[in-house]
Amino acid sequence: MPVFRGSAVAIVTPFHEEDESLNFDAFADIIDYQIENGTDAIVVCGSTGEAATMTEEEHMQTVKFCIDHVRHRVPVIAGTGSNCTRTAIHLSKQAVEDGADALLLVSPYYNKGTQQGLYLHYKAVADAVNGCPLLVYNVPSRSGVNVLPETVARLVRDVPNIVGIKEASGNISQIAKLMALTDGKIELYSGNDDQVVPLLALGGLGVISVVANIAPQAMHEMCARFFAGDVAGAAKIQRDTYPLFENLFSEVNPIPVKKAVNLLGQHAGPLRMPLTEMEPEHAEKLRQAMVDFGLI
């Protein structure tokens with residue numbers, strides 16, 4: 001069985017307004033909203049969850065809270081990546097101990113490992129977590145390094161619990177090559193909300209979505225329609241959600257999506273520096289896109 005099929009939300013992490021501490025009461029409400037509105041899985045402590053500004057202790061507390069609160073209603077995928085392999089192993093082992101259904105590891109950033117270094121990094125983490133499924137997260141725009149199709153295919157071939165990839169390179173040709181090299185025997189998830197249907201057409205299983213934070217039903221329905229054979233219906237939802245996508249990425253993620261979740265009244269709270277609040281003109285365009293979509 002795959003880790004999940006459909007739409008997984010790359011969920012925001014709420015902070016208290018006063019001191020930017022973790023707000024678990026608000027997090028519980030956000031998790032429940034997602035599950036009640038059709039989200040197929042939850043990715044906690046990813047880029048959208050501001051994991052980069054958390055201490056290791058906060059990171060582990062957030063993952064554990066999410067797992068405990070979800071209570072197996074949907075799969076929980078823990079973001080446990082780091083540019084330090086030892087740190088990634090530490091976070092990953094703790095997430096598995098706490099009950100994560102799978103792990104999502106961003107390619108090591110800043111260090112910019114070679115393809116051999118990336119291979120050994122992912123293999124070391126996978127070998128340390130006793131068979132827990134692991135997804136590679138390829139996002140060159142953030143990490144500064146591209147995990148090439150040949151490297152991913154080698155990992156999937158050599159390491160049994162490296163089962164798939166969140167692909168956010170935006171390079172459809174590269175993704176098609178990966179699917180050819182693996183004969184489609186890899187769990188492919190779109191990391192870009194504007195490319196879900198194209199990746200499903202290549203054999204993908206779904207999306208790890210930022211848009212799902214505010215439109216979980218639409219993102220779930222897009223995937224469900226495609227799997228049911230209604231490709232035209234899925235494509236229409238892809239087109240209809242584009243204004244949301246465009247405005248949610250008018251500034252660096254997760255600045256806009258946290259603003260959007262707050263506009264829904266879900267108390268996501270502030271951003272942690274160096275992220276700053278959304279520029280007023282961008283915020284107004286985002287609010288209007290949400291009005292036009294019927295969200296507020």
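Every residue, every condition in (1) more than 20 Å from the chain's Cα centre (by Cα); (2) on the phi < 0 side of the Ramachandran plot; (3) hydrophobic (A, V, I, L, M, F, W, C), yes or no:
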{"residue": "55", "(1), (2), (3)": "no, yes, no"}
{"residue": "59", "(1), (2), (3)": "no, yes, no"}
{"residue": "74", "(1), (2), (3)": "no, yes, yes"}
{"residue": "83", "(1), (2), (3)": "no, yes, no"}
{"residue": "109", "(1), (2), (3)": "no, yes, no"}
{"residue": "125", "(1), (2), (3)": "no, yes, yes"}
{"residue": "154", "(1), (2), (3)": "yes, yes, no"}
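Being modelled with pLDDT of 95 or more, within 20 Å of the chain's Cα centre (by Cα) and of a type outside the set (A, V, I, L, M) is a property that does not hold for residue 280.
Looking across the range 131-178, the residues that are polar (S, T, N, Q) and under 20 Å from residue 111 (Cα atoms) come down to 138, 141, 143, 146, 151, 169. If you filter the range 21-74 down to residues that are aliphatic (A, V, I, L, M), without any contact (Cβ under 8 Å) to a residue 40 or more places away in the chain and in a helix (DSSP H, G or I), you find that the one that is nearest to residue 94 (Cα to Cα) is 60. On the basis of being without any contact (Cβ under 8 Å) to a residue 12 or more places away in the chain and either at positive phi or not polar (S, T, N, Q) (or both), does residue 185 make the cut? It is false that residue 185 is without any contact (Cβ under 8 Å) to a residue 12 or more places away in the chain and either at positive phi or not polar (S, T, N, Q) (or both). Which ones in the range 48-69 are buried (at least 17 other Cβ atoms within 10 Å of the Cβ), charged (D, E, K, R) and over 24 Å from residue 259 (Cα atoms)? 64 - this is the single residue of the range 48-69 that is buried (at least 17 other Cβ atoms within 10 Å of the Cβ), charged (D, E, K, R) and over 24 Å from residue 259 (Cα atoms). For residue 148, state whether it is buried (at least 16 other Cβ atoms within 10 Å of the Cβ), over 20 Å from residue 77 (Cβ atoms), over 21 Å from the mean Cα position of the chain (by Cα) and not polar (S, T, N, Q). No. Has the range 263-270 got any residue that is within 17 Å of residue 4 (Cβ to Cβ), in contact (Cβ under 8 Å) with a residue 60 or more places away in the chain and either surrounded by 17 or more Cβ atoms within 10 Å (Cβ to Cβ) or β-branched (Val, Ile, Thr) (or both)? Checked against the condition, which is being within 17 Å of residue 4 (Cβ to Cβ), in contact (Cβ under 8 Å) with a residue 60 or more places away in the chain and either surrounded by 17 or more Cβ atoms within 10 Å (Cβ to Cβ) or β-branched (Val, Ile, Thr) (or both), the range 263-270 yields no hits at all. Residue 229 fulfils the conditions (1) within 30 Å of residue 18 (Cβ to Cβ); (2) surrounded by fewer than 16 Cβ atoms within 10 Å (Cβ to Cβ) except for a single criterion, (1). Pairing residues of the range 225-250 that are within 18 Å of residue 202 (Cβ to Cβ) with residues that are surrounded by fewer than 17 Cβ atoms within 10 Å (Cβ to Cβ), at Cβ distances under 7 Å and at least 6 apart in sequence or on separate chains, gives 225/233. Scanning the range 165-175 for residues that are at negative phi, among the small types (Gly, Ala, Ser) and either buried (at least 20 other Cβ atoms within 10 Å of the Cβ) or touching a helix residue (DSSP H, G or I) at 6+ places or on another chain (Cβ under 9 Å) (or both) gives 168, 169.
Among the hydrophobic types (A, V, I, L, M, F, W, C) and buried (at least 19 other Cβ atoms within 10 Å of the Cβ): does that describe residue 290? It is true that residue 290 is among the hydrophobic types (A, V, I, L, M, F, W, C) and buried (at least 19 other Cβ atoms within 10 Å of the Cβ). If only residues of the range 202-211 that are touching a helix residue (DSSP H, G or I) at 6+ places or on another chain (Cβ under 6 Å) and part of a strand (DSSP E or B) are counted, the one that is surrounded by the most Cβ atoms within 10 Å (Cβ to Cβ) is 209. For beta carbons closer than 9 Å, sequence separation of 6+ or different chains, a first residue in the range 99-128 that is within 18 Å of residue 160 (Cα to Cα) and without any contact (Cβ under 8 Å) to a residue 40 or more places away in the chain and a second that is among the aromatic types (Phe, Trp, Tyr) and not in a strand (DSSP E or B), the qualifying pairs are 105/122.
For the range 212-228, does any single residue satisfy the condition of being of a type in the set (Phe, Trp, Tyr) and touching a helix residue (DSSP H, G or I) at 6+ places or on another chain (Cβ under 6 Å)? Checked the range 212-228: at least one residue is of a type in the set (Phe, Trp, Tyr) and touching a helix residue (DSSP H, G or I) at 6+ places or on another chain (Cβ under 6 Å). The listed residues are 70, 96, 43, 76, and the only one of them that is among the aliphatic types (A, V, I, L, M) and within 23 Å of residue 241 (Cβ to Cβ) turns out to be 43.
The values are calculated or read from the model by the stated rules, or taken from the named source; none is laboratory data. A quick note: this is a predicted structure, and the numbers were derived from the prediction, not measured. Glycine also receives a Cβ, built like all others from the backbone with ideal geometry; neighbour counts cover every protein chain displayed.
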